[in-house]
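Step one of this worksheet: look at the structure below.
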């Protein structure tokens with residue numbers, strides 16, 4: 001290999017243990033992921049349980065990644081050490097990844113860089129969407145974040161966020177109530193396929209962002225009564241999310257700016273189709289394989305920091 005440098009990314013979220021590596025040209029060498037096991041009927045893990053799950057998962061997926069890195073020189077590692085920007089942003093699950101990354105960097109005598117889970121998502125979403133120019137609207141829609149942001153000059157400027165439930169929380173809570181596994185997005189979408197929504201659940205949007213608890217209550221009531229098919233409820237949930245997004249964007253009046261959508265909820269084909277058919281905005285989406293939690297964006301950040309700065313960041 002003319003230049004056999006490789007750059008590692010590590011992300012330890014509330015849902016997934018992720019390790020990825022890219023080469024010096026930004027090509028993906030490997031992307032390994034392992035979901036955190038959640039007991040049936042549960043709506044997630046406590047942070048302490050998540051940390052333990054990452055400790056169990058990481059050696060397995062790191063070994064898988066290393067098998068694909070034979071012949072490469074590991075040159076830098078980057079880790080998402082917090083959920084989002086800001087001193088108050090902290091979750092213990094990300095400290096697990098930080099410890100893994102720092103141990104690898106120290107043992108190999110390579111730089112260790114730091115980023116956020118949200119920035120990793122954005123960088124992965126830009127993979128294949130390089131045509132999008134700043135400023136643009138960034139929508140991070142997942143089980144732990146529902147942020148509507150303006151992205152400009154390398155920084156996020158939040159203009160709206162979910163005021164009660166996150167988009168992914170609504171999907172998961174409704175899915176678990178139906179008896180689906182957590183996280184529930186894939187199975188809930190299968191139920192909704194081919195079903196026409198009737199706009200049954202409210203898309204409530206206040207000045208600072210959408211409120212989804214009303215939709216959750218109505219869905220839970222429908223599930224408890226048992227007089228509406230689960231497939232119809234599923235379709236109504238995705239329709240509610242779609243209308244909530246459009247109403248929130250309308251409040252920001254961002255019609256002239258491109259919109260980049262990422263996060264686990266953004267992998268939904270139903271939601272993507274609804275947004276694209278709206279015709280109101282220029283929607284762009286992360287590659288479906290890179291919408292959910294992954295470490296590809298973090299690995300790309302490692303590569304860019306190494307090549308363009310050449311020093312450790314943090």
key: Value in Å of the Kirkwood radius, where the stretch 120-186 supplies the Cα pairs that are averaged   = 13.4
The stretch 50-110 versus the stretch 26-46: alpha-carbon centroid distance in Å = 14
query = So how compact is the chain: Cα radius of gyration and Dmax in angstrom?
reply = 19.7, 65
task = Mind giving me the nanometre distance, one decimal, between the label points for residue 68 and residue 280, set 7 Å out from Cα along Cα→Cβ?
result = 3.8
query = Considering the alpha-carbon set of the stretch 1-84 alone, what are its Rg and its Dmax in angstrom?
reply = 14.6, 52
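Once the mean 1/r over all distinct Cα pairs of the stretch 192-232 is inverted, what Kirkwood radius in angstroms do you read off?
Here the Kirkwood hydrodynamic radius works out to 11.5 Å.
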query = What full-extension length gain, to one decimal in nm, is calculated for residue 152 and residue 130 as 0.36 nm per residue of separation minus the Cα-Cα distance?
reply = 6.5 nm
ask   = For the stretch 179-302, what is the largest minus smallest coordinate of the Cα atoms on each principal axis, given in angstrom and ordered from greatest to least?
value = 50, 33, 26
request  = Enter the angle in degrees (range 0 to 90, nearest 10) between the Cα long axis of helix 47-67 and the first principal axis of the Cα atoms of the chain, meaning the one along which they spread out most.
outcome  = 50
ask   = What ranking do 10-23, 153-166 get when scored by the average of other Cβ atoms within 10 Å per residue, highest first?
value = 10-23, 153-166
ask   = What is the P(r) of the stretch 59-212, as percent of Cα-Cα pairs per 5 Å bin from 0?
value = 2, 7, 11, 15, 17, 16, 14, 9, 5, 3, 1, 0
message = Report the Cα-based extents of the stretch 1-149 along its three principal axes, largest first, to the nearest Å.
response = 49, 40, 29
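Going by average Cβ density within 10 Å per residue, which order do the peptides 215-221, 102-108, 84-90 take, highest to lowest? Before the final figure, lay out the partial values.
Numbers: 215-221: 17.3, 102-108: 14.3, 84-90: 11.6.
The most tightly packed comes first, giving 215-221, 102-108, 84-90.
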task = Can you tell me the 0 to 90 degree angle between the C-alpha axis of helix 269-278 and the longest principal axis of the chain, rounded to 10?
result = 70
task = Set the Förster radius R0 to 35 Å, insert the Cβ-Cβ distance between residue 163 and residue 307 as r into 1/(1 + (r/R0)^6), and round the FRET efficiency to 0.05.
result = 0.30
ask   = With axes computed from alpha carbons, what is the tilt in degrees of helix 92-108 against the longest principal axis of the chain, rounded to the nearest 10 within 0 to 90?
value = 20
task = Compute the Rg to Rh ratio over the stretch 51-122 from the alpha carbon atoms, using the Kirkwood formula for Rh, and round to two decimal places.
result = 0.98
task = Would you mind calculating the gained length between residue 220 and residue 206 on full extension (0.36 nm times residue separation, minus the Cα-Cα distance), in nm to one decimal?
result = 2.8 nm
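FYI, it's all coordinate maths here, none of it is from the lab. Just so it is clear, the structure is predicted and the values come from calculations on it, not from any experiment. Ideal geometry is used to build each Cβ from the backbone, glycine not excepted, and the neighbour counts take in all protein chains shown.
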